[in-house]
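Everything below concerns the one structure shown next.
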Amino acid sequence: MVMSTAHWIAAVRARETRRADRLFADPLASELAGEQGAAMMSRSEAASGGENRFIPVRVRWFDDAITAAVGAGIRQVVLLGAGLDTRPYRLDLPGDVDWFEVDRSTLFSLKEPVLAGASPCCRRHTVAADLAGDWAAPLCAAGFDPTRRTLWVAEGLFFYLAPESVVGVLGEAAALCGVGSLFLADVMGAAGLSVPAMQPFRDHLARNGLPPPFGSDDPAAVFADGGWALADLTAAGGPGANYGRLPETGSGLRRGWPHLVTGQR
């Protein structure tokens, strides 16, 4: 995950934690976000014209989907582009869950000192690797078992990757696990990438030599290209992705909107 973005998302989680009607609680988020995260959140919302109401809903959807998958017996989870996520500390996960976090070493060098005083409720493993390079070998070296059913989690990741990298990550994950494994991801709608509120961010990416944001109005095809069958899909605001925070959109695909997707092997 892009470093500054990780701080920003942590700041959003910290603000949500302070709400009386919060969708989740993340006691570690404020310290992880720091002043940098709060400042970036403020700049982002000033540029886009207001608070991003989707992010807390997205966090809660992933929380629920992870909890459900673990409740159904999956005991190996891989969080790709882990950023400053704290789910092993804040979710009620069984102690026999092996939770792998994959991200760059620079991210972990900032994150681990904050987490040093806290205890995860499951077996947490950090994997320093770049998703643009070879991350499968370091993951397996950290104790990942390709023979076990696996839950792959890509929250807020695909948006920052080139299209070929998105399919590559899906394909690499599919090759590392067997039948019954799941892949959770959010996919921005392609039509939503060209709205005026997105232009400052697109300009920032261009100035820094980064790929334009990824989006697709056919998430099922993206997953299929990576070797995953579509198990579930809901647009932001749809059933299970609303929590009383977003306008209701109904079920199924909604062109131009962010979607929360579950793939299955």
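The values are calculated or read from the model by the stated rules, or taken from the named source; none is laboratory data. This structure is a prediction, so every number in the text was calculated from the model and none was measured. Note that each Cβ is placed from the backbone with ideal geometry, even for glycine, and that neighbours are counted across all protein chains shown. To get the accessible areas, we keep the full protein, side chains included, count just its heavy atoms, and leave off ligands, DNA and RNA. Shrake-Rupley method; radii C 1.70, N 1.55, O 1.52, S 1.80 Å.
Can you name the residue in segment 94-109 that is under 20 Å from Ala10 (Cβ atoms) and among the aliphatic types (A, V, I, L, M) and, of all such residues, is farthest from the chain's Cα centre (by Cα)?
Leu107
Which of the residues belonging to segment 243-265 are open to solvent by less than 20 Å² (accessible area, probe 1.4 Å) and part of a loop (DSSP other than H, G, I, E, B)?
Residue satisfying the conditions is Gly256 alone.
Can you go through Arg53, Arg75 and tell me which one is touching a residue at least 60 places away in the same chain (Cβ under 8 Å), open to solvent by 60 Å² or more (accessible area, probe 1.4 Å), over 26 Å from Leu246 (Cβ atoms) and of a type outside the set (A, V, I, L, M, F, W, C)?
Arg75
Is it the case that segment 99-119 has a residue that's touching a strand residue (DSSP E or B) at 6+ places or on another chain (Cβ under 6 Å) and more than 18 Å from Thr5 (Cα to Cα)?
Yes, because at least one residue in segment 99-119 is touching a strand residue (DSSP E or B) at 6+ places or on another chain (Cβ under 6 Å) and more than 18 Å from Thr5 (Cα to Cα).
Could you pull out the residue among Arg87, Arg43, Arg58, Arg22 that is among the basic types (Lys, Arg) and out of contact with any Asp or Glu (no Cβ under 8 Å at 6 or more places or on another chain)?
Just one listed residue meets the conditions, Arg43.
Quick one: count up the residues across segment 122-142 that are touching a residue at least 12 places away in the same chain (Cβ under 8 Å), open to solvent by 50 Å² or more (accessible area, probe 1.4 Å) and either in a loop (DSSP other than H, G, I, E, B) or within 13 Å of Leu32 (Cβ to Cβ) (or both).
So the answer is 2.
Report, by residue number, each residue of segment 174-227 that is at pLDDT 95 or above, assigned to a helix (DSSP H, G or I), closer than 24 Å to Val59 by Cβ and of a type in the set (A, V, I, L, M, F, W, C).
Selection gives Ala220, Val222, Phe223.
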